[in-house]
Every structure is written in structure tokens, then in C-alpha cells.
Amino acid sequence: MEFLSKVNGCYRNDVQALRAFSVFLVLIFHAEPSWLPGGFLGVDIFFTISGFVIYRILVNGIYDNSFSFPKFYARRITRLLPAVSVTILLSVVLSVIILPSELVRESVNSAVWSFFSLSNFYFYFDSGYFSSEALDKPLLHLWSLGVEEQFYLFFPLVLFLAFKLKTSFRMVVFFILFLSSLSLSIYQSMYFPEAAFFLPLSRVFQFMLGMIGAHLYFKGNTRNLSFYWLTVVVMITFLAFFYFDETLFLPGWRALILGLLVVSLLVIGGSIPADSWVNRNRLLQYFGNASYSIYLAHWPVAVFLDYRYAGTDSTLLGFSKFFLGLMLGCALYHLVEKKCRGMNLKSVFIYLIAFPFLLTFIAFVFILSVENDDTVVDVEVKSDINSFTIIGDSHARVFSFSDLYIGSKEKILHWYPGCAPLFDVYKIYNVKANIGAVKTEKCIAKKAAWKDELDKAQTSEISLIASRWDFYLGERSDDAPFFRRDILKSMDWVGMTVVEQPWRKGWKDENMKLLTTGLYNLLSSMKSEKIVLVGQVPLQFKKSVKCAKKMLEDTKSININKSCNAISRETFNNSNVTISALLKKVAGSYENVILVEPGDIFCDSDICPIVKNGKLIYSDNNHLSQYGVNVVLEHAMAMFN
């Protein structure tokens, strides 16, 4: 193996074959995750390929004194912008047609950030890539494009300046950059996984691995290199199926293993004979050339099909998402990407001006349609409440849409997503899987502010506390919709983060103790005549709620709850027994506190329905709708009276 001072050429057939392999990994994963649990690794492979290709372009231009920043950025713009802009526009239009208003609003917001190549920051602050909420975001996949474009924006300047240095100093600079990014990625993947996943600094080392692949050249017997190439590809597929999944700390050091395998493909690929099957396979070359457009088209297709045909057989739906995404991606490649690749800069700038105006117009039409929407829930709760305080996570926030709260003279809302309404207690998110964002510091700051405001506030007539209690005490069940464990810790706890510790005996007892303590501390801080403690909402399967929404549109639909696989009362009771007992004990300690159990209100002896009296109880699989919160508060007021 040799180290080359100057790399040769920028286009290689074996690299296109690797692109094809990568995009098919992603396609399969998004069609049905169980088919290839680690298929999302295709995006990581794209990062390394991008580092390889861009480095070759830059280095060749620097050595030939032909490199120009304006020309480089113009090529990137004409290569990437047209296809992604069409994807954004069509996704927003289809969102207005297919998705409910709250999801359309999300699509419009993400579209604006995506157009300016900042979608990775938007989704970092909004939700996790593997969270259930992410499955309804048609532009979520553009986070990776944001990372790439940020790399394209800043790294050429770094590389250009580095080549002003002596070779030895240049290598030291590159080594420091690589090691710093890798170290940051390993640290963040354990403690701040969402930052590691979405933000560019923890991904730089993956691009730099591609740079290494651009400089290494294999010198030796080339006859068997096609077989070696296939062997490594099979190895990556094996890892994607049996080892990698969303529960691992990624990217981190595991991404380094994947990156080194990709580097080996890039190194040996340069020596594979031109007449080998890797370089001459027309299908591989075609899908490699179209891989960018296929990637852009496939995820919106998956989101819209999932929403429109919820409840359909998962295998049939998976094949539909795969093939339709593939076909529309190829159409985008021929109709947009190829035709616009030679756009001049004048056309690009006109386009840059026109696109935001068009997007603004679509958003304006959507806002008008929402304002004129006559589908507002007609359940009425007459409100003569003087003051109403709500505190908790997103499950508390939904009660701010209730008629009782809206009609109150003084309204106070203390909420933060995923933030347990427990004073002097904090939680560490999803310790075993480490999927959720580590929002501990933000949550602690929020609760400190809440406590300060409660101390200064006047006595409230009604106060309400709600949360996703199953995160702390829920029981795992094969037929339960979702399971996650969050660890509770007291504010004075000091030690290594529990993400490094295996689950130990007694975790549940500790959570019960701290949950009780945190609730007592909260209730002792609240000045209120009446306090409503809302119990656990029965969790439904995400596809079940989508199915029910769709069937409600069909006036002939009957037995919606059964057809859409609403969970059984037995399943809910089994998962809720510990939670209910603890909340009853806490509520029973205060004369002005009542416990309202949504399960007792909505569930019958057999089933916990999604639809009741012809109306949706849920806005998604775990949050109540406006109708749902109104019914819960009706029962609460009746209990007080």
C-alpha cells in the first residue's frame, strides 16, 4: 500500500457502486426497520464517500493551481440545490393535502430550515431521529444533507489554509482535527446522543476518513480485489443486520469501525480492474448516479404512505414504500437533477430568490385554511374559573387546549417536553437505549424557574399536573405499544452517569421512592384550592391512531377500535398497576388533590378505545386530543363538585 501526495481523478465507478449499496441500505431500513435494523448506516457511508470525493476535487485543484472557491461553491449549488428544493416544495404541498394541521405546521417550519441547510439543527432542537414523533416528519432525512453542506461550506477553507503549511505540520493539523472530532463524537454519543447524531462537529471525523481513503493506494495483485470488495460489503450488511441498531451509542467509536471498513473499500476500489463486475455493472452504476435523488424522494414517500395507509399489512406497506420511493427517486434524477446540473449562476440566484417566496405563499395558504377550518371539536366545558395553572411535560400541555383552561380569566402554563413535574428530582433519559435527547440541564433550569414562580404566585383556583408516568414505572410487555425506562436521581446525587451502568436490581424501587418524593415536593410548593393529578393515558400503537383517523373520514366505517387494533384493557392494566397505586397514595395524602384516571374514563372492560362517540380521543398514540382533555376535565370537575 502506498501513500499518494496527489490523488488522481475524481470519478470512479467503484465509488458509484458504493453509493448504490449505501442508498439501498437506507431504503430498506425506512421501508421496514425490522428488515435491516442498522440500515441507517448508509448515511454514515455517504459521509465518508463525500469526504473522499470532495478531498480529491480540492487537492487536485490546489496542486494544479486551478482551484476556485466561487467555482467550487457554484458546482455544489447546481449539483445539490435543484433536486432538494423540488423535494421540499412537493413535500410541503403533499403535507397540506394529506397530513393534519399540526403536522403541516411542522413541515413548513422544517422546510424553511432545510432550504438554508440548517435542518440538522432544527431537528436537534425539535426531536430525535428515532423518536416516534420523527416518523411524521417528511423532511427529517434532510438533516444529513445539512451536515454535508455545512462541511462543504467550511472545510474547503480549512483545507486550503492547511496546504499553505509544510507537509509535516499539515498532517499534525489533520490528525488533531480528526482526533478532536472522534473524541467529541464518543463523548457526546454517551452523554448527549442527539448532539452527536445531528451536529456537524461530531461527524467531521467520518468525512476525514474519506480523505484518508483518497490518499491510500493498494499496490499488489488486483485479480481478486472484486471479491475482497464484495466481502467487505457483505460484512457491513451483516453488521447492519445483526449488530447495529438505534439503541447503540452512535456515531462514536462504532462509527469509526464502519468508517475504516468503508476506507478499505475506497482504497482497494481504486485498483479494481476496469472490466470487473464492480465497475461494469450497469445497475450499480445507474443507482449510484441516482443515489442522491433516490435518497431525497424515499423518506417523504415513506411518511405519507405510513400516514395514509396506517393499519395496512406491514410487509405490503414496506414493499410499497421501497419501490415507490425508488421509482420517484429515479424520476427526480432524470427530470430535475440531471437537467439542472449545468445551471449557470445567474439562474441559480434567480432560483434562490424565487423559492422562499413560493414557500411563503404555500405557508400563507395553509394558515388561511387552518383559520377557516370548521372541524373544531364541539365539546363544551363552561368555564367560570378565575385562575388555572398547568404544570408538567407535553402531556400537561395538551390540557392548555381545553375549554376550561382557555375560558379561565388567568392562565398559567409551566411545561417543557420530556420534563417530569418532580421538584428536587431529575431524570436521565432512556438509559438503556439512549435514544432520547439528554435534556437534563434544560429541564432542571425550567423547574427551578417554575418553583420560583409558584413561590411568588397567588393562590390558583384550579391546578393540574400531568406527565408520561410510564417512563419511570411502566412494565415491559410484548403486546404493549412502547416501552422506555428513565432513571430518576435526586439533585444531590453525584457519580458516573448511569448510561455506563447495566440495569441493576432495585432500579424500580429507587424510581418509586424518588417519584413519590418529587411529587410531594411539587404539591407542597403549589398554592391552589383544587389540584387535579392526571394519571397515565393508555398508550396506543402509532399506526392504530393513524388508522382510526383515516377510518373516521369514511362515514361507512364501523368497529374502528377493533379494526385499528386498539389496546386491550388487560394490557393497559398490567402496565399501569404500579403507577396507579403510587399516584393514588400521593393524591390521598392531600384533601385538595384528586386523581383522575384516563383509563377508567375511556376504557371499558375489554378495550381502551381510540375513538369514542365518533370522536378521536387521541391526537397521536400517547397524547389526548382536545376532545379527550375536555372529557377528562369534565370528570375532574364532577369529582370536585
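The values are calculated or read from the model by the stated rules, or taken from the named source; none is laboratory data. From a predicted model like this one, the values you see are computed outputs, not experimental measurements. For neighbour counting, all protein chains shown are included, and Cβ atoms are generated from backbone atoms with ideal geometry for every residue, glycine included. To get the accessible areas, we keep the full protein, side chains included, count just its heavy atoms, and leave off ligands, DNA and RNA. Shrake-Rupley method; radii C 1.70, N 1.55, O 1.52, S 1.80 Å.
This table checks each residue for (1) modelled with pLDDT of 80 or more; (2) closer than 23 Å to TYR55 by Cα; (3) open to solvent by 10 Å² or more (accessible area, probe 1.4 Å).
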site: PHE174; (1), (2), (3): yes, yes, yes
site: ILE186; (1), (2), (3): yes, no, yes
site: PHE207; (1), (2), (3): yes, yes, no
site: LEU239; (1), (2), (3): no, no, yes
site: LEU248; (1), (2), (3): no, no, yes
site: ASP275; (1), (2), (3): no, no, yes
site: SER291; (1), (2), (3): yes, yes, no
- Does VAL586 qualify as being of a type in the set (Val, Ile, Thr), in a helix (DSSP H, G or I) and farther than 23 Å from ALA420 by Cβ? no
### Query
Could we say that ALA587 is open to solvent by 30 Å² or more (accessible area, probe 1.4 Å), of a type in the set (A, V, I, L, M, F, W, C) and closer than 30 Å to SER460 by Cα here?
no
Here the residues within the range 394-412 that are among the hydrophobic types (A, V, I, L, M, F, W, C) and open to solvent by less than 20 Å² (accessible area, probe 1.4 Å) are ALA396, VAL398, PHE399, LEU404
When every residue in the range 45-69 that is in contact (Cβ under 8 Å) with a residue 60 or more places away in the chain and open to solvent by 20 Å² or more (accessible area, probe 1.4 Å) is compared, the one nearest to HIS30 (Cα to Cα) is PHE46
The helices (runs of 4 or more DSSP H) lying entirely within the range 437-552 that contain at least 3 residues which are modelled with pLDDT of 60 or more and touching a strand residue (DSSP E or B) at 6+ places or on another chain (Cβ under 7 Å) are 440-456, 507-525, 542-552
Of the residues in the range 277-289, those that are open to solvent by less than 20 Å² (accessible area, probe 1.4 Å) and of a type in the set (D, E, K, R) number 0
Residue hits (the range 79-108; modelled with pLDDT of 80 or more, open to solvent by less than 50 Å² (accessible area, probe 1.4 Å) and either more than 25 Å from ILE294 (Cβ to Cβ) or among the β-branched types (Val, Ile, Thr) (or both)) are VAL84, VAL86, THR87, ILE88, VAL92, VAL108
Suppose the filter is more than 18 Å from the chain's Cα centre (by Cα), closer than 30 Å to TYR122 by Cβ and of a type outside the set (A, V, I, L, M); does PHE160 pass it? yes
Checked against (1) part of a strand (DSSP E or B); (2) at pLDDT 80 or above; (3) surrounded by 22 or more Cβ atoms within 10 Å (Cβ to Cβ), LYS427 satisfies every condition except (2)
Here the qualifying pairs (Cβ atoms under 6 Å; residues six or more apart or on different chains; first in the range 166-187 and farther than 13 Å from MET208 by Cα; second open to solvent by less than 70 Å² (accessible area, probe 1.4 Å)) come out as ARG170/ALA162; LEU184/SER202; SER185/ALA196; SER185/SER202; SER185/PRO251; SER185/GLY252; ILE186/GLY252
Picking from ASP604, ASP600, the residue that is more than 25 Å from ILE385 (Cβ to Cβ) and open to solvent by 30 Å² or more (accessible area, probe 1.4 Å) would be ASP604
From the option list LEU25, LEU58, LEU80, single residue qualifying as more than 25 Å from VAL545 (Cα to Cα) and in contact with a Gly (Cβ under 6 Å, 6 or more places away or on another chain) is LEU25
The residue from ASN630, ASN559, ASN573 that alone is of a type in the set (S, T, N, Q) and open to solvent by less than 50 Å² (accessible area, probe 1.4 Å) is ASN630
